[in-house]
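Written out below as structure tokens is the structure these notes cover.
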Amino acid sequence: MAPLYFEKKLEIHYDGSIDLLRLDAPFWRSLVRESGLNILHAASTADVRSYLLAESSLLVWKHRLLLLTCGSGRLDAALNCLNAEASRECVVGMRYSFPESATDPDFGFLERQFANGTWEKQSPQSKPSILEYSWSSVPRWLTDFSKNLIVSDFSERTFPKASLAALRDSEIVQEHDFSNGGYSCNICHGEDYLTVHFSPNPGGPYFSADWRGFPGQIPPILEAWQHQLGYASFPCCSALKA
């Protein structure tokens, strides 16, 4: 997996006129391919399409999507594909985050594409710092964003899969083990989701998790991770409201 500082996240919310679930599987396969990413596992329910990518995740709901990449993905290509089927005029808000230490051309592309709304920079909440920007086309946007956890300083151990036992009855559970000991998963149930990307590489170990919902299950999972992965605190754990 790529070092922590390459990880990027894009979350887009559309208004009620757009139904992303009407876009079929070939469209999403094409979007992933054009973005320079690879699909490891694909699954869908009536509420969500879930794609576990090579060290990345793509989750799609009716009016919302989430794309997490290790940095190799081209977000400009993904947006160009989306704009062809779901007009950017129908976007009501988004969040984009990338490492403060990185030069990221994708953010400049987003600024040019969405110049008619308001961009707000959020305070970095992790070390190394992750820059986070929110955008809205409406004066007051009350949509809850997801929470995230990014850790780059922990004991180099195998990811504790048993910590996810409480979520294994979810509608979608996708997992992938990498040859270097890395691990990725998407877990989805309706609007709730959890993604995990874990790399034990000695040259740049990191662990990234992103979630929304699962209110009863997430707190004990976080406690288990804190204990079993051997880090002292959560450098980045925040809920954002724009």
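Values in this text are rule-based calculations from the coordinates and carry no lab data. Worth saying up front: this structure is predicted, and the values here are computed from it rather than measured. Positions of Cβ are backbone-derived with ideal geometry, glycine not excepted, and every protein chain shown enters the neighbour counts.
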**Request:** Treat the count of other C-beta atoms within 10 Å as a stand-in for reagent exposure and order K147, K121 from fewest to most.
**Result:** K121, K147
**Complete:** The long-range amide H neighbours of S72, using H built 1.01 Å from N in the peptide plane and a cut-off of under 5 Å, are none
**Item:** Of H63, L79, V92, farthest towards positive along the dipole that unit charges on Lys, Arg, Asp, Glu beta carbons give the stretch 19-102
**Value:** H63
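Taking the Cα centre of the stretch 46-101 as the origin, how large is its charge dipole in debye, to the nearest 20, when only Lys and Arg (+1) and Asp and Glu (-1) carry charge on their Cβ atoms?
Numbers: 6 positive and 6 negative charges, 28 e Å.
In total the dipole reaches around 140 debye.
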**Asked** Separation of the stretch 10-59 and the stretch 158-213 by C-alpha centroid, Å?
**Response** 18 Å
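Would you mind getting me the FRET efficiency between N201 and E223? Use the beta-carbon distance for r and R0 = 22 Å, nearest 0.05.
On the way: r = 25 Å, r/R0 = 1.15.
About 0.30, to the nearest 0.05.
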